Amino acid sequence: MPIGFTGTAVGSTKVEQWADANNVLNERLTKAMEVFGQGRARAVLWHQGESDASTPAQDYADDLNSLIAQSRTAAQTDIPWGVALVTNQAGQQIVINGDPLVFEGANTDTLGSEYRIGVHFNESGLNAHAALWFDPVTGWIAGTADPDVNADGVIDVADLGLVGGQWSTPGRLMLNADINFDGVIDIADLALVGGGWSTSAGPSSEGAASVPLPGGLSVASGVIVLVLCSGRGTWRAGGAPQDTSN
Ligand SMILES: [Ca+2]
Ligand SMILES: [Ca+2]
């Protein structure tokens with residue numbers, strides 16, 4: 001599955017600013033959803049919290065839940081979110097635990113001073129941050145394995161044909177039949193088609209199925225929107241909230 005990334009982050013920002021529908025930050029995210037169109041943005045990765053070190057956890061969660069709801073309205077689908085654990089971990093955990101379409105992202109509070117210049121990540125820190133996202137994102141993708149390869153809303157002989165046609169290969173760019181994302185099309189992918197036979201496709205293909213391409217093909221690829229903000233103030237390992245007000 002080809003995936004692109006686009007960044008919408010702004011440093012030194014608070015979650016309440018992002019949640020405010022009249023704030024330009026809010027518009028940055030919702031506009032990105034609208035630009036890519038229904039179902040084409042497949043996830044939002046959220047790394048923010050250093051500027052909310054002193055924000056009560058429930059307030060943080062309320063604002064982030066509000067932003068997530070607004071993003072889904074703009075995306076016209078229940079877009080999944082990956083929420084990083086950074087500084088205000090209590091607030092982030094409320095959101096992660098309360099929404100089945102939110103998965104736990106990178107825990108960057110584990111990155112110590114050797115990865116930072118003050119509160120900000122140095123080059124090693126940025127690389128380590130990216131690496132910390134790898135397992136959560138690949139785990140989420142694997143968990144959303146969708147045997148409706150051609151995204152037409154039904155799992156049938158057409159999907160079986162795509163698996164057979166790409167057998168023992170890594171798959172092709174469009175209509176890739178590597179359903180479980182393990183790098184090869186084999187019996188495991190076939191089993192996923194069989195297991196979902198003649199059922200409606202799951203929610204992960206909604207939207208993708210409605211994106212027509214020349215020749216009547218549709219595409220199950222998409223874009224991941226990044227909101228990976230740097231912080232203002234201080235950072236402390238373990239994520240215990242602390243006052244960062246100026
Ligand atoms: Ca299908
Ligand atoms: Ca496979």
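Coordinate-derived values only; no laboratory data. Note that this is a predicted model, so its numbers are computed, not measured. Note that each Cβ is placed from the backbone with ideal geometry, even for glycine, and that neighbours are counted across all protein chains shown.
I need the phi-derived Karplus couplings for segment 63-79: 6.51 cos²θ - 1.76 cosθ + 1.60, θ = phi - 60°, integer Hz, Gly and Pro marked x.
In residue order, the calculated couplings are 5, 5, 4, 5, 5, 4, 4, 5, 5, 6, 4, 5, 7, 6, 7, 7, 5 Hz.
Tell me, what HN-Hα J-couplings in whole Hz come from the Karplus equation 6.51 cos²θ - 1.76 cosθ + 1.60 at θ = phi - 60° for each residue of segment 147-160, using x for Gly and Pro?
For segment 147-160, the Karplus-derived couplings read x, 7, 4, 8, 6, 9, x, 9, 9, 8, 4, 5, 5, 4 Hz, x marking Gly and Pro.
What nm value, rounded to one decimal, do you get for the distance between Ser12 and Ala142 when each label is placed 7 Å out toward the C-beta?
A separation of 4.1 nm, rounded to one decimal place.
Would you kindly derive the ³J(HN,Hα) couplings of segment 98-109 from the backbone phi angles with the Karplus curve 6.51 cos²θ - 1.76 cosθ + 1.60 (θ = phi - 60°), listing them in order in whole Hz, with x for Gly and Pro?
x, 9, x, 9, 10, 10, 6, x, 5, 9, 7, 5
Relative contact order of segment 157-201, please, whole-number percent, based on alpha carbon pairs below 8 angstrom and at least 6 residues apart.
Contact order relative to length: 33 percent.
If you take the Cα atoms of segment 8-63, find Rg, then find the Kirkwood Rh from the mean of 1/r over all pairs, what is Rg/Rh?
On the way: Rg = 12.2 Å, Rh = 12.3 Å.
Ratio of gyration radius to Kirkwood radius for segment 8-63: 0.99.
Scan around Trp81 for amide H atoms under 5 Å from its own, H built in the peptide plane at 1.01 Å from N, and keep only partners 5 or more places away or cross-chain.
Placed amide hydrogens put Val44, Val102, Phe103 under 5 Å from Trp81.
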